[in-house]
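Q: Let me begin by handing over the structure; questions about it come next.
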Amino acid sequence: MNRKKSLLFSIIVGGLAYLFLTVCLEKEQPKYAYDARVQADIINDYQADEERIRNSASLIKDVTFTKVNADTMGTSKLAGYAYETEAIARYRGCLLTLFGEPNEESANLEEAFTYVIKAQRNDGSSWILTAYEGPSGFAIGGMRDVPLSAEMAYLLKQRIDETEPSDFDRKGMTYPDTGEIYSYGCKNGKCYAKKEG
């Protein structure tokens, strides 16, 4: 009987020790291990969503884009594409080629330009998009709750990427947070950004 009690006691103590060590070791895992797993899941979800949008957009062949004077209320960022000022200059130059001068522009680099663009299909359906430079760089916005808005943004970006940038030069462009002043633009297809002063 003592032997059975001793064996049972050993099993219980061993199980509790195992449980204790498992809990302690899991708590001791560095926070970044958990963050890395969460980040990997987010990236995988984003990539799957991006692939779904790309595949869906590839089926749409009848879209035209035109600059319009329209209200941008209800639009929000659908996707960001460039954060470096030189890359943003290229997008702005390409938009100049496609649509002329922006609907709005400013010397503030966090709201430097906005184009309001209508995407329209042959059946008459249409979407309002914005192509703009904001606090997080160059982005395309639209109405998230309207079906195919993300696909229209993707197709607009494709159109922009296929376009040669027009020449332009904007001086005195300021980052309000830092006070840094830049000039940026494109010349003969090459785009640049230079810190002034």
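Q: I'd like the FRET efficiency for Asp62 and Asp177, computed as 1/(1 + (r/R0)^6) with the beta carbon distance as r and R0 of 41 Å, rounded to 0.05.
A: My answer for the efficiency is 0.45.
Q: If you don't mind, another one. What net charge do the residues around Gln120 carry, taking every other residue with its C-beta under 15 Å from that of Gln120, with Lys and Arg at +1 and Asp and Glu at -1?
A: +2
Q: Here is a follow-up. If you take every residue apart from Ile53 with its C-beta less than 12 Å away from the C-beta of Ile53, what net charge results, scoring Lys and Arg +1 and Asp and Glu -1?
A: With Lys, Arg at +1 and Asp, Glu at -1, the net is -1.
Q: To the nearest 10 square angstrom, what accessible area does Lys118 show with a 1.4 Å probe?
A: Accessible area, nearest 10 Å²: 60 Å².
Q: Let me ask you something else. Residue separation times 0.36 nm, minus the C-alpha to C-alpha distance between Glu164 and Lys187: what's the value?
A: Details: separation 23, 0.36 × 23 = 8.28 nm, distance 1.08 nm.
So the chain would gain 7.2 nm between Glu164 and Lys187.
Q: Could you sort Glu162, Glu51, Glu133, Glu196 by their accessible area in this structure, using a 1.4 Å probe and putting the largest first? Show your work: numbers first, answer last.
A: Numbers: Glu162 140, Glu51 95, Glu133 5, Glu196 65 Å².
Correct descending sequence by accessible area is Glu162, Glu51, Glu196, Glu133.
Q: Using a cut-off of 11 Å between beta-carbons, work out the net charge of the residues near Pro176 (Lys and Arg +1, Asp and Glu -1, Pro176 not included). Present the calculation step by step, with values, prior to reporting the outcome.
A: Values: positive: none; negative: Glu110, Glu111, Asp177, Glu180.
With Lys, Arg at +1 and Asp, Glu at -1, the net is -4.
Q: I'd like the FRET efficiency for Glu111 and Tyr81, computed as 1/(1 + (r/R0)^6) with the beta carbon distance as r and R0 of 22 Å, rounded to 0.05. All intermediate terms of the calculation are to be shown ahead of the outcome.
A: Numbers: r = 17 Å, r/R0 = 0.76.
According to the calculation, E is roughly 0.85.
Q: Report the accessible area of Asp123, computed with a 1.4 Å probe over the heavy atoms of all protein chains in place, in Å² rounded to the nearest 10.
A: Asp123 has an accessible surface of roughly 120 Å² with all protein chains in place.
Q: Would you please classify the overall shape of segment 94-197 from the alpha carbon gyration tensor, given that a ≥ b ≥ c denote the square roots of the eigenvalues, rounded means a/c under 1.5, and beyond that prolate means a/b larger than b/c while oblate covers the rest? Before the final figure, lay out each step's value.
A: Values: a/c = 2.77, a/b = 1.72, b/c = 1.61.
Here segment 94-197 falls in the prolate category.
Q: Can you sort Thr72, Thr178, Thr114, Thr130 by solvent-accessible area, 1.4 Å probe, largest first?
A: Output order, biggest surface exposure first: Thr178, Thr72, Thr114, Thr130.
The values are calculated or read from the model by the stated rules, or taken from the named source; none is laboratory data. Every value quoted in this text rests on a predicted model; they were computed, and no experiment measured them. Cβ coordinates were reconstructed from backbone atoms using ideal geometry, including for glycine residues, and neighbour counts include every protein chain displayed. Accessible surface is based on the protein model in full, side chains and every heavy atom, while ligands, DNA and RNA are left aside. Shrake-Rupley method; radii C 1.70, N 1.55, O 1.52, S 1.80 Å.
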